[in-house]
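Every read-out reported here was derived from the displayed coordinates using simple, explicitly stated rules and does not represent laboratory data. Quick caveat, the model's predicted, so the values are computed rather than measured. FYI the Cβ positions are ideal-geometry reconstructions off the backbone, even for glycines, and counts take in every protein chain you see.
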Amino acid sequence: MQDWANWAIETAKRRGASYADVRVMDVRHRDISTKNSEVGTLAESESLGLGIRVIASGAWGFASTDRLTREGIQACAAEAVSIAKASALAKRENVALVPEKSYVDTWQNPFVKDPFRIPVERQIEVLLDANKEMRRVKGITVAEGSMSFRRIEQLFVSSSGSSIHQIKMQSGAGIVATSFAGSEIQKRSYPNSFGGQHMLQGYELIESLDLVGNAQRIAEECVALHSAAQCPEGQGTIILGSSQLGLQIHESIGHPIELDRVLGMEANFAGMSFLTTEKLRHLKYGSDIVNVVADARLEHGPGLGTFAYDDEGVPAKCTPIITNGLFTGYLSSRETASAIGENQSGGTMRCESWNRLPMIRMTNISINPGTWRYDDLISDTDDAILMETNRSWSIDDKRYHFQFSTEIGWEVKDGKIGRMIKNPSYSGITTEFWNSCDAICSRDYWTLWGTPNCGKGQPQQVMGTGHGAAPARFRNIKIGVAFAK
Amino acid sequence: MTKKTKSAATSVSLAELRRIAERVLKISDADETEVDVGAETDALTRFANNTIHQHVAEQTLGISVRAVVDGRTARATTNKTDDESLRQAVVSAVSLARNQPKNPDLLPMLRAQKYQRVSRFYPKTAATSAYDRAKAVTRVCKMAEKSNQTAAGIFSSGEAATVMANSRGLFAQYQQTKSEFSITILETNSSGWAKSNSPDISTIDPDELADAASRKADQSREPKEIKPGHYTTILPPAAVLDLVGFLFYDFAGTAVLDKRSCWTGRLGKRILGDNITIWDDVYHSLQTGQPYDGEGMPRQKVLLVDRGTVNNLVYSRATAKKMKAKATGHGFLLPNEYGEAPMNLVFAGGDKSIDEMIRTTERGIMVTRLWYIREVDPYEKILTGMTRDGTFLIENGKIAGGIRNFRFNQSVVEMLSNVEMLSPSVRAAGEESFEMVVPAMKVRDFNFSEVTKF
């Protein structure tokens, strides 16, 4: 890998690049899914290639190839420089980067069991057993399960002397029960929707989830939803389960703090952000108990946003995003930090694979745990709807107005959890919502959730992000608009 | 076009792909083997703040092997073409296949098929260089600057070639070029958007698209807030596409079999307006894509909705057998749990222009683009999402000015029963769905539920 990277850097410099960095990546996937006690997807894949990013004539160029001969790599590097020179046609000013030290290092996330060494028949058996448990419940029309594993080996080399080798092992799994009755389709997922839970861990994550042990429960809940009461419409208190709060953080904090969005670089596709730069250290983003960090360090946990160095060679950092309710930080890169006068990058540049340009991506954007025991939070609540497991999510292109619905809800009345509620939904304006937070559960209820499917960029890149969250309570929230006639 | 730099990369020929496929078939000792070999070159010039800020090119090659062993099947994919890597891909597919229960639905691989020829490769698109795209982008950025506006968008070009072969003698190949231009024009408190996408780059006019987006931004300045509610709404083709795209999987036989299609219990009944007719037709002159499915089955033109009645679904071979229907050539690559889907939707259009739709509206909303659409209710097909980049109030048959963006919660089934006017169908490109041939629509009682702050 080192030779390939060196050939690319040398060629770029020779062709006139003032800066170049290379990512050689070897990505291995295993994907398994089952449906109604049959194997659906059963596939493995590998992809090895190299991408080079250069600055030439003061502008950016990027090219990638999987032709890993000396000739193929040199042609790729030369093309990146040609592209940069073409970019300079529309240049307004030279690209400027904040300084960064050079590093020579190697890192691998810790894991106990290599999922690629676990026999595939054992992995299939777990999913089929979970399918069987779900299908025992009368009324279940589709029972599904999935596992996915990723091993990403990458070498980052820059013209300023860095050479960083990292290996990341990622695992994920989940199950889903679906039921059709009358004119209604209901769904329950475990441990989370849209693929379950995903972390930077080995097969030990899958074993800890106990998919089979939870299958019957979620299937029963799924069928019970058909006869549950419809979520009422109105204004009131909600309590969000930790996985739903994780997605709320993702959409209404994680994306608006991306500095490339703020600076207009994503205006055509992902959109911009209401968090314009004059709001930094001035905007009251949330209530005083809301503290949010962007933390890529391993000590935060093995999240999908955990690494040792980002994909432009900046060490993993913890950036305070919201401090006692005050907006205190963006997700930045070497270029965007320079654009707003900061002196260092936040270290959040990542790319999906070797054929993609690194861009600002969420790391682990997590809300710090509060002080409440979950039972105390329920006891302290007179009238609310408890909502769990995301079903749909949508937010405007500046990240102000959102609407979420969850798979299941329960009434909370006079300090007790009561009857089940179907089709729960809530909506609001980001800052009003976070300022209405009056209780967050403690570390005992805090989970670092993995969102494996965050899309951004053109060409679009799918990236995994981490979101630590505990159940929390919000007051005076608009409820039930999604189903209002 | 001037060529100061080479195009994205030298393309891999179909003959080279075929040779790789033949090597895989020779290596494999599985009961049956299928191989898909695909090569793509893609390049994209991305601009924002009236300058190019990202500019990329890639070339990729993928070899995907499906092996069948004793009634079981699995897939392995690699991008390495040396003998050992190809052998390893076969070994992986065989090993994965062996270590699972038998699949009772697995059918023998197809024998050789005949395919209708489609021609969607344009040398001019393939030859487009970074410099060509940068020149056009520089021009639209200067246009924006001159109007005190800010441009952001992309201009992309590329080509794809693919070969499919199996050990029972099937062989299929397809080659296509692609290009796309999308632009957002920003002002202080307004924006406009336009997009076009075609295999033939000469049909894309960046200046005209920039001009259209610029006019939208100009017309939607100082947006007023109006109350949410049910409004007569004019949806341009891109907005129609992004909504109706959510229906595509509902037309899959597997979705109906699993009872998760919104057509479950509604087949053969008049559910939509009698002005709604939908086909899946890969051969339509404005459509793109290969004329065969994930097993090499030739795609058929299927009349899905006939004047408001959902009459037909699409079927892979296995689903067709289960549902006692005929395979339509819409299956995904095997193995998978989803079965099939129509990927080339074509809506019958009407004869009204958007100007006429506006002229005949006393009070209503004109949308430019929809955003972040998600399904709220899978059976009633309620979708939520936002308007974006130019939303207008219509009063007394005229555009009265820009308004703040709305959130909608709207059943698509209901919407397609409320269509008052249709324009001729065009090839539209949105962000939430794949490209389709759809008309603009004037729809009554579209449900805008809330309003945002801009």
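Listed values, structure above:
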{"read-out": "Cα lying deepest toward the dipole's positive end in the protein assembly as shown, options B:C262, A:T69, A:L155, charges on Cβ", "value": "A:T69"}
{"read-out": "Using θ = phi - 60° and Karplus 6.51 cos²θ - 1.76 cosθ + 1.60, couplings along the range A:368-380 (whole Hz; Gly, Pro as x)", "value": "5, x, x, 10, 7, 7, 4, 4, 5, 4, 5, 4, 7"}
{"read-out": "The range A:1-135, Cα convex hull volume normalised per residue, Å³", "value": "191 Å³"}
{"read-out": "Relative counts (whole %) of C-alpha pair distances in the range A:229-483, using bins that are 5 Å wide", "value": "1, 7, 14, 19, 19, 16, 11, 7, 4, 2, 0, 0"}
{"read-out": "Tilt relative to chain B, helix B:83-98 - C-alpha long axis, 0 to 90 degrees, to 10", "value": "90 degrees"}
{"read-out": "By average C-beta atoms within 10 angstrom, highest first, the peptides B:346-357, B:230-241", "value": "B:230-241, B:346-357"}
{"read-out": "Nitroxide proxy distance, nm - points 7 Å out along Cα→Cβ at B:Q116 and A:D3", "value": "5.2 nm"}
{"read-out": "Theoretical ellipticity at 222 nm over chain A - DSSP helices of four or more residues, -39500 (n - 2.57) apiece, nearest 500", "value": "-6000 deg cm²/dmol"}
{"read-out": "Sorted peptide list for A:312-323, A:202-213, criterion being average Cβ within 10 angstrom, highest first", "value": "A:312-323, A:202-213"}
{"read-out": "For A:V412, residues with placed amide H under 5 Å, excluding near neighbours", "value": "A:A384, A:I385, A:L386, A:G418"}
{"read-out": "Sites B:D29 and A:Q460, calculated FRET efficiency, Cβ-Cβ separation with R0 30 Å, nearest 0.05", "value": "0.20"}
{"read-out": "Neighbouring partner chain Cβ atoms per residue of B:75-88, average, 10 Å criterion", "value": "3"}
{"read-out": "Rounded, prolate or oblate (a/c below 1.5 giving rounded, otherwise prolate when a/b exceeds b/c) for the range A:423-485 by Cα gyration tensor", "value": "oblate"}
{"read-out": "Rounded to the nearest 20 debye, dipole of the range A:229-483 from Cβ charges on Lys, Arg, Asp, Glu", "value": "160 debye"}
{"read-out": "Dipole-positive endmost among A:S87, A:I479, A:N390 within chain A (Cβ charges, Cα centre)", "value": "A:S87"}
{"read-out": "Rotationally averaged projected area of chain A (alpha carbon convex hull; nm²)", "value": "22.8 nm²"}
{"read-out": "Percent RCO, i.e. relative contact order, over chain A, from Cα pairs under 8 Å lying at least 6 residues apart", "value": "15 percent"}
{"read-out": "Charge dipole magnitude, Cβ of K and R +1, D and E -1 - chain A, Cα centre, debye nearest 20", "value": "700 debye"}
{"read-out": "Length added when fully stretched, B:R139-B:D306, from 0.36 nm per residue minus Cα-Cα", "value": "55.6 nm"}
{"read-out": "Segment A:E299-A:S183, extension gain: residue separation times 0.36 nm, minus the distance between their alpha carbons", "value": "37.0 nm"}
{"read-out": "Inter-chain Cβ neighbour average for residues A:261-273, partner chain, 10 Å", "value": "6"}
{"read-out": "Proximal charge balance of A:I249 [Cβ under 14 Å; K/R count +1, D/E count -1]", "value": "-2"}
{"read-out": "Alpha-carbon Rg/Rh ratio, for the range A:258-338, with Rh computed the Kirkwood way", "value": "0.99"}
{"read-out": "Charge dipole (the range B:130-251, unit charges on Cβ, about Cα centre) - positive-most of B:A213, B:Q149, B:S198", "value": "B:Q149"}
{"read-out": "Rg followed by Dmax, in Å, when the range A:169-219 is reduced to its Cα trace", "value": "12.7, 44"}
{"read-out": "The range B:343-365-the range A:335-369 distance, computed between alpha-carbon centres (Å)", "value": "43 Å"}
{"read-out": "Separation of the A:T371 and B:S202 label points, Cα + 7 Å toward Cβ, nm", "value": "7.4 nm"}
{"read-out": "Computed over the range A:2-225, Cα set: Rg, Dmax in Å", "value": "23.7, 69"}
{"read-out": "Residue order, fewest to most beta carbons within 10 Å, for B:E295, A:E79, B:E450", "value": "B:E450, B:E295, A:E79"}
{"read-out": "Shape box of the range A:261-397 [Cα atoms, principal axes, largest first, Å]", "value": "51, 33, 30"}
{"read-out": "Relative contact order computed over the range B:260-335 (Cα-Cα under 8 Å; 6+ residues apart), in percent", "value": "32 percent"}
{"read-out": "For the protein assembly as shown: rounded, prolate or oblate by the Cα gyration tensor [a/c cutoff 1.5]", "value": "rounded"}
{"read-out": "Degrees, to the nearest 10: A:2-14 long Cα axis against longest axis of chain A", "value": "60 degrees"}
{"read-out": "Exposure proxy order (Cβ contacts within 10 Å, fewest to most) of B:C262, A:C437", "value": "A:C437, B:C262"}
{"read-out": "Residue-wise HN-Hα coupling along the range B:321-337, computed from phi with Karplus coefficients 6.51, -1.76, 1.60 (Hz; x: Gly, Pro)", "value": "5, 5, 9, 6, 10, 9, 4, 10, x, 10, x, 7, 4, 8, x, 7, 9"}
{"read-out": "C-alpha center-to-center spacing [the range B:7-82, the range B:262-310] in angstrom", "value": "29 Å"}
{"read-out": "Inter-label distance, nm, simple model (7 Å from Cα along the C-beta direction), B:A15/A:R217", "value": "6.3 nm"}
{"read-out": "Rg(Cα) / (2.2 N^0.38 Å) computed for chain B, rounded to two decimals", "value": "1.06"}
{"read-out": "Per-residue mean of C-beta atoms belonging to partner chains within 10 Å, peptide B:328-340", "value": "3"}
{"read-out": "Value at 222 nm in deg cm²/dmol, rounded to 500, when DSSP H runs of n ≥ 4 in chain B each add -39,500 (n - 2.57)", "value": "-6000 deg cm²/dmol"}
{"read-out": "Relative contact order for chain B, counting Cα pairs under 8 Å that sit 6 or more residues apart, in percent", "value": "15 percent"}
{"read-out": "In Å, descending, principal axis extents of the Cα set of the range B:14-208", "value": "68, 32, 32"}
{"read-out": "Centre separation in Å (Cα based) which lies between the range B:164-202 and the range A:72-137", "value": "25 Å"}
{"read-out": "Total charge dipole magnitude, the protein assembly as shown, about the Cα centre, Cβ charges on Lys, Arg, Asp, Glu only, Debye to nearest 20", "value": "1400 debye"}
{"read-out": "On Cα atoms only, tilt of A:211-225 relative to the major axis of chain A in degrees", "value": "60 degrees"}
